[in-house]
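Just so you know, all these numbers are worked out from the coordinates, no wet-lab data involved. None of the values given here were measured: they were computed from a predicted structure. Glycine gets a Cβ as well: all are built from the backbone with ideal geometry, and neighbour counts include every protein chain shown.
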Amino acid sequence: MARTLLVLDEVLAMLKVVGVADGLVAKFKVQAEGALQHKARGHAPDTPDDAITVSSGFGQASQRGFVELTLNEQLSQMPASKAREVGLMLLQAAEAATSDEIVVGLLKKIGLTDPAQYGAILMDLRELRQGTRDVLYPS
């Protein structure tokens, strides 16, 4: 039988529909977000990295330079200004990810061992760092 995957928002909506108390839904959400973050960071050594290539080009029709980004088999072309924006987003996310690793390391050192608490603390730090718990989308 094939596995069915659900998006977290779908699961949360289903919990509400069946009458699970709001407090329990909120606790479930924090736990699930922590588990998803852990899963995303848990890159197994035998799992190959994504194939990423970046190159520049010049459009004959547009007479404009462009950047081509390929992630595995997915190709994207963008103006140089958008590529700079994406590059900055990648650098900022990498710094935040490194910071998250350091914070979790410190939490472990002081004896905090509950991964659910890591997720909650990291969400608080995200809010302090960027002013929101949500993903930021540049304009």
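Considering only residues that are among the β-branched types (Val, Ile, Thr) and either farther than 19 Å from Gly34 by Cα or surrounded by 13 or more Cβ atoms within 10 Å (Cβ to Cβ) (or both), which ones fall in the stretch 72-99?
Listed by number, the list holds a single entry, Val86.
Close Cβ contacts (under 7 Å, 6 or more residues apart or on different chains) running from residues in the stretch 69-87 that are free of Cβ contacts under 8 Å to residues at least 12 places away in the same chain to residues that are hydrophobic (A, V, I, L, M, F, W, C) comprise Ser76/Leu69. Among the residues of the stretch 100-113, those that are over 14 Å from Gln37 (Cα atoms) and not hydrophobic (A, V, I, L, M, F, W, C) comprise Gly105, Lys108, Lys109, Gly111, Thr113.
To keep it simple, each residue is scored yes or no on (1) hydrophobic (A, V, I, L, M, F, W, C); (2) in contact with a strand residue (DSSP E or B) (Cβ under 8 Å, 6 or more places away or on another chain); (3) not in a strand (DSSP E or B).
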residue: Asp50; (1), (2), (3): no, yes, yes
residue: Ser55; (1), (2), (3): no, yes, no
residue: Phe66; (1), (2), (3): yes, yes, no
residue: Leu69; (1), (2), (3): yes, yes, no
residue: Ser76; (1), (2), (3): no, yes, no
residue: Lys82; (1), (2), (3): no, yes, yes
residue: Glu85; (1), (2), (3): no, no, yes
residue: Leu88; (1), (2), (3): yes, no, yes
residue: Gln92; (1), (2), (3): no, no, yes
